[in-house]
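One structure is given here, and the rest of the page talks about it.
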Amino acid sequence: MNYLSGEKKLQTSWKLTTKFLPKATKKSGLFRNRMYPFCLPLKYAQYNLFQGIRQDAMDTFKKHNIIWHSSALPGYPSNHLCSSQVFAVNLLFPFIDSPEVLANALRPYFPNINRMIPVEDNRYIAFEWIGKKNYLSEMPKIGEYRQRGAGNTSIDAMMMYETNDNEKVMLLIEIKYSESYGVSYKRFRSDGSDRIKCYEDFFYDLSSPINRSIAPDLEDFLYEPFYQLLRHTLLATQIKKVEKEKINRVQVVHLVVSQNKELLSVTSPQFRKHGSTTYEVWQKILNEPEVFNVIPVESFFKNVEHFNNRQLDLWIIYMKERYSFLQ
């Protein structure tokens, strides 16, 4: 049994037994033309979000025209209980207006945090962030304009903090829950366009974050999750270059569910000689490995739990009950 299959069973059990969901949600739900017990009925997809953030999160996504991945109804999250995007929102949205709690949760990994800085709407987290500038010169895949969450490089959650030395640091955070990746070459999009053409100038530039003496060929990066890691790291490099007057440092951070060992499989054939796991390889092929951080989700959650913030009591109970790896 792979990790996702196990999570489907656990989420189904949670759905059927939890008191956080109304009785009407206990039935199987339609997902991509089939009924599944690990999905909510479509009209109850909003119950995939923790009740304390549910309406605010949906309103925020609507305000910024953010795409909910695998959503069947406009403005609603996916009804799939193993959705990584839903997990990301459930995990981080409670801190969107709580900078001190967020700083405390991050400080074990970034000890020089003095304070969090608002990033959007005077709030402290921007979800599916793409930036106002098109840093990677990407052509929108859908429609004329870039859209958050689909068709271009989006960051699960962007945050910023000020250090004790008055430097400004941006965090580009990707959350990995149920993903796994096969050996699938991603050079050409479904419309036939060549992904290499978009990123080759950044990859081969003198400012490239990649150590090309170790990984010289862009084609070797066109396997997930290395393709995504590359785009996020190129994005971080461009932000630092373009926004050097405003931002001193940009960190790419992966918040990873440690139990999902399949996520660590090295999918690019040419990279297997550099290490046995995705993140071991990635650290080796970066010019500056310190700009990339891997944080176990379980550790992050325990940091939050440690501070005993009464406002988060119900959320902590919900998260531990629903996502068993947090117990």
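Residues in the range 31-63 that are small (Gly, Ala, Ser) and either at pLDDT below 95 or more than 16 Å from Pro74 (Cα to Cα) (or both): Gly52 alone. Take Lys197 and decide whether it is surrounded by fewer than 14 Cβ atoms within 10 Å (Cβ to Cβ) and either modelled with pLDDT under 95 or in a strand (DSSP E or B) (or both). The answer is yes for Lys197.
Scanning for something without any contact (Cβ under 8 Å) to a residue 12 or more places away in the chain, exposed (fewer than 14 other Cβ atoms within 10 Å of the Cβ) and either touching a helix residue (DSSP H, G or I) at 6+ places or on another chain (Cβ under 8 Å) or not basic (Lys, Arg) (or both), does the range 226-244 turn up at least one residue? There is no residue in the range 226-244 that is without any contact (Cβ under 8 Å) to a residue 12 or more places away in the chain, exposed (fewer than 14 other Cβ atoms within 10 Å of the Cβ) and either touching a helix residue (DSSP H, G or I) at 6+ places or on another chain (Cβ under 8 Å) or not basic (Lys, Arg) (or both).
Look at (1) more than 14 Å from Leu229 (Cα to Cα); (2) surrounded by 14 or more Cβ atoms within 10 Å (Cβ to Cβ); (3) not hydrophobic (A, V, I, L, M, F, W, C) and you find that Tyr181 fails only one, number (1). If you go through the range 313-327 and keep only what is in contact with a Lys or Arg (Cβ under 6 Å, 6 or more places away or on another chain) and either over 18 Å from Leu255 (Cα atoms) or assigned to a helix (DSSP H, G or I) (or both), you end up with just Leu326. Using the structure shown, decide if Gln259 is farther than 25 Å from Lys186 by Cα and part of a loop (DSSP other than H, G, I, E, B). The answer is yes for Gln259. The set of residues in the range 217-256 being closer than 18 Å to Ile196 by Cα, part of a loop (DSSP other than H, G, I, E, B) and of a type outside the set (D, E, K, R) consists of Leu222, Pro225.
Considering (1) among the small types (Gly, Ala, Ser); (2) at pLDDT below 90; (3) farther than 30 Å from Leu4 by Cα, the lone condition that Gly182 does not fulfil carries the number (3).
The set of residues from the range 43-94 being farther than 20 Å from Lys15 by Cβ and of a type in the set (A, V, I, L, M, F, W, C) comprises Phe61, Ile66, Ile67, Leu92, Phe93.
The values are calculated or read from the model by the stated rules, or taken from the named source; none is laboratory data. The structure presented is a predicted model; accordingly, all values stated were derived computationally and were not measured. Positions of Cβ are generated from backbone atoms using ideal geometry, with glycine treated the same way; all protein chains shown enter the neighbour counts.
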